[in-house]
Amino acid sequence: MPDSRPRPPDDHAADASNSPESTALTLRGARLTDGRIVDVRLGGSRIEAVGTAGSLPASGARIDLRGHLLLPAPAEPHAHSDTALTADEAVTGTPGPASQLPEDVQRRATEAALLQLGHGATALRSHVRIGDVQGLAALEAVLQARRSLRGLADLTAVAVPRLLTGIAGADGLAMLRDAVKMGAGAVGGCPDLDPDPTGYAEAVLEIAAEHGCPVDLHTDSDDPVRLARLATMAGGLRQEVALGPCAGLSRLPGEAAGRAADQLAAGRVTVICLPQGGCCGSERRGTAPVRLLRAAGVRVAAGSGALRDLANPVGRGDPLEAAFLLASQSGLSAGQAYEAVSAEARRAMGLPEVRIEAGFPAELLAVRGERLSGVLSLAYSRIVVHRGRVVARTSAVREYCDSETGGGAGLPRQGRADSGPGGGA
């Protein structure tokens with residue numbers, strides 16, 4: 001991915017250690033989802049001020065965002081950095097499974113994070129497998145990628161052991177504890193793959209309580225009894241508990257699914273659905289019943305899941321596509337769908353809230369367009385702000401030409417500030 005390598009930040013995005021004048025950045029003429037046209041001044045990693053267009057004096061650099069919709073940046077709550085982009089290696093004819101050498105895992109994890117950053121995700125949570133022959137090597141590689149991405153995006157690793165119960169699970173328990181000490185930001189795993197799924201979940205929750213870290217379990221959630229037990233255990237834990245992708249809830253009878261949703265809400269469990277498809281550990285496809293869960297009071301976030309690995313060779317890792325699918329297939333409004341990949345995703349990851357108001361973190365995404373429904377369907381041109389600095393840009397222009405005359409002067413050129421409703425390209 002030669003077009004996605006880390007680049008030095010723009011001149012206007014100086015390091016936060018410099019003077020306030022040198023780090024100030026003003027975003028001019030941006031449209032908010034309520035229709036207002038505003039200027040937004042950033043200082044350091046925070047929003048300093050929001051005012052009507054032209055009302056804020058700019059002491060530093062300026063970016064013209066006329067024709068763009070300004071949004072809180074999305075976050076990616078369910079990635080798989082250690083396996084990302086491995087489908088590409090299979091296509092090129094590399095014999096056997098994809099390389100698990102630490103340097104190759106680190107390279108793929110970095111490239112995957114940059115790909116998702118370009119889409120707008122300034123924070124990512126990645127499930128990383130530990131144990132078996134590789135031990136903690138993949139986790140260490142992802143943590144190295146996290147360090148190399150500092151200043152561009154925030155990457156958190158979830159340690160995912162294979163087995164945690166019985167004699168075979170003893171090593172997994174020890175390795176999970178070591179993973180937390182090494183720097184894993186959350187503990188998780190796939191209870192469905194363990195001979196004792198309930199025992200697996202209990203072990204993860206126990207280690208989370210020991211170390212004070214959040215829980216993020218990868219489960220299909222197609223067993224109502226097991227799910228009720230898990231929700232009860234989660235309710236007694238001080239740490240945040242998330243489950244995903246929970247597509248099995250959609251296959252339960254309506255009454256059973258409703259009871260399960262009520263139990264998840266009572267246990268304060270967040271469900272992270274994957275509208276773009278399944279991922280490793282999920283043989284069945286489908287999406288969690290988002291409207292049912294929301295109606296029961298369950299917090300629902302949306303992630304991308306597999307990114308061009310064997311589980312989903314065409315995965316895009318695009319949070320706006322996830323929001324588009326929630327709106328087009330799950331019956332959510334555009335605002336609710338975007339909230340699932342932004343506010344709810346950040347909340348599931350334990351990140352501070354982002355609003356386009358003074359004092360909030362400067363984690364922003366500008367997309368060419370006028371309305372949220374339009375940018376969810378045609379979100380090509382994007383500007384990504386992380387900690388008050390522009391860290392990624394994607395530009396696209398669509399032109400229409402008359403094939404018979406070779407002209408086309410009277411046809412629209414999408415990509416300009418005066419492009420039509422929906423923002424064009």
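Under the criterion of Cα pairs below 8 Å and six or more residues apart, the relative contact order for the chain equals 18 percent. Measuring between their Cα centroids, the stretch 106-157 and the stretch 210-238 lie 24 Å from each other. Think of the chain as a dipole: +1 on every Lys or Arg Cβ, -1 on every Asp or Glu Cβ, centred on the Cα centre; then among Gly236, Ala334, Pro214, Ala334 lies furthest on the positive end. By the Stokes-Einstein formula, at 1.306 mPa s and 10 °C, the stretch 209-271 with its Kirkwood radius over alpha-carbon pairs has D equal to 136 µm²/s.
Remark: the Cα gyration tensor places the stretch 323-404 in the oblate category, a/c being 1.5 or greater and a/b not exceeding b/c.
Backbone geometry of the stretch 309-322 corresponds, through the Karplus equation with coefficients 6.51, -1.76 and 1.60 at θ = phi - 60°, to 3J(HN,Hα) couplings of 10, 5, 6, 8, x, 10, x, 9, x, 9, x, 5, 5, 4 Hz, x marking Gly and Pro.
Just the protein heavy atoms count here, and of the accessible area of the chain at 1.4 Å, carbon and sulfur take up 51 percent.
Around Arg226, under 15 Å between beta carbons, what's the net of Lys plus Arg minus Asp minus Glu among the other residues?
Numbers: positive: Arg229, Arg251, Arg259; negative: Asp192, Asp194, Asp196, Glu202, Asp220, Asp222, Asp223.
So the environment of Arg226 carries a net charge of -4.
The alpha carbon gyration tensor of the stretch 330-373 gives principal lengths a ≥ b ≥ c with a/c of 1.5 or higher and a/b no greater than b/c, which makes the shape oblate.
Remark: the stretch 129-137, residue by residue, has Karplus-estimated 3J(HN,Hα) of 6, 10, x, 6, 5, 6, x, 9, 5 Hz, where x stands for each Gly or Pro and the curve is 6.51 cos²θ - 1.76 cosθ + 1.60 at θ = phi - 60°. If we count every other residue with Cβ under 9 angstrom of Arg299's Cβ, Lys/Arg +1 and Asp/Glu -1, where does the sum land? Every neighbour counted, the sum reads +2. Here the 3J(HN,Hα) profile of the stretch 253-270, calculated from phi with Karplus coefficients 6.51, -1.76 and 1.60 at θ = phi - 60°, is x, x, 5, 5, 5, x, 4, 4, 5, 4, 5, 5, 5, 5, x, 6, 8, 8 Hz, Gly and Pro shown as x. Add +1 for every Lys or Arg and -1 for every Asp or Glu among the other residues with Cβ under 11 Å from the Cβ of Ala137, and state the total. Summing Lys/Arg as +1 and Asp/Glu as -1 gives -4. Bridge orientation summary for the stretch 26-133: considering DSSP beta bridges with both residues in this region, about 60 percent are antiparallel. Using only the Cα atoms of the stretch 62-180, build the gyration tensor, take square roots of its eigenvalues as a ≥ b ≥ c, and label the shape rounded, prolate or oblate: rounded if a/c is under 1.5, else prolate if a/b is larger than b/c, else oblate. Here the stretch 62-180 falls in the prolate category. For the stretch 160-249, the share of alpha carbon pairs falling in successive 10 Å distance bins from zero is 18, 55, 26, 1 percent.
When Rg and the Kirkwood radius Rh are both evaluated on Cα atoms of the stretch 240-391, their ratio Rg/Rh stands at 0.98.
Can you say what percent of the DSSP beta bridges in the chain, counting only those with both residues inside, are antiparallel? Round to 5. Could you put the intermediate results ahead of the total?
Working: 30 of 62 bridges.
Taking every DSSP beta bridge within the chain, about 50 percent pair in antiparallel fashion.
Amide H contacts for Asp39 (H built 1.01 Å from N in the peptide plane; partners 5 or more residues away or on another chain; cut-off under 5 Å): Gly29, Gly51, Thr52, Ala53, Gly54, Ser55.
With one equal scatterer per alpha carbon and no solvent term, the Debye-computed log10 I(q)/I(0) for the chain at 0.09, 0.13 1/Å reads -0.57, -1.13.
Altogether, the Stokes-Einstein calculation at 20 °C and 1.002 mPa s, with the Kirkwood radius of the stretch 166-312 over Cα pairs as Rh, returns a diffusion coefficient of 139 µm²/s. Judged by the mean number of other Cβ atoms found within 10 Å, the most tightly packed of the peptides 235-242, 61-68 leads the ranking 61-68, 235-242. Model label points for Val397 and Ser59, set 7 angstrom from Cα along the Cα-to-Cβ axis, are 3.6 nm apart.
The values are calculated or read from the model by the stated rules, or taken from the named source; none is laboratory data. Source: prediction; values computed, not measured. Note that each Cβ is placed from the backbone with ideal geometry, even for glycine, and that neighbours are counted across all protein chains shown. Note: areas computed on protein heavy atoms with side chains; ligands, DNA, RNA excluded. Shrake-Rupley method; radii C 1.70, N 1.55, O 1.52, S 1.80 Å.
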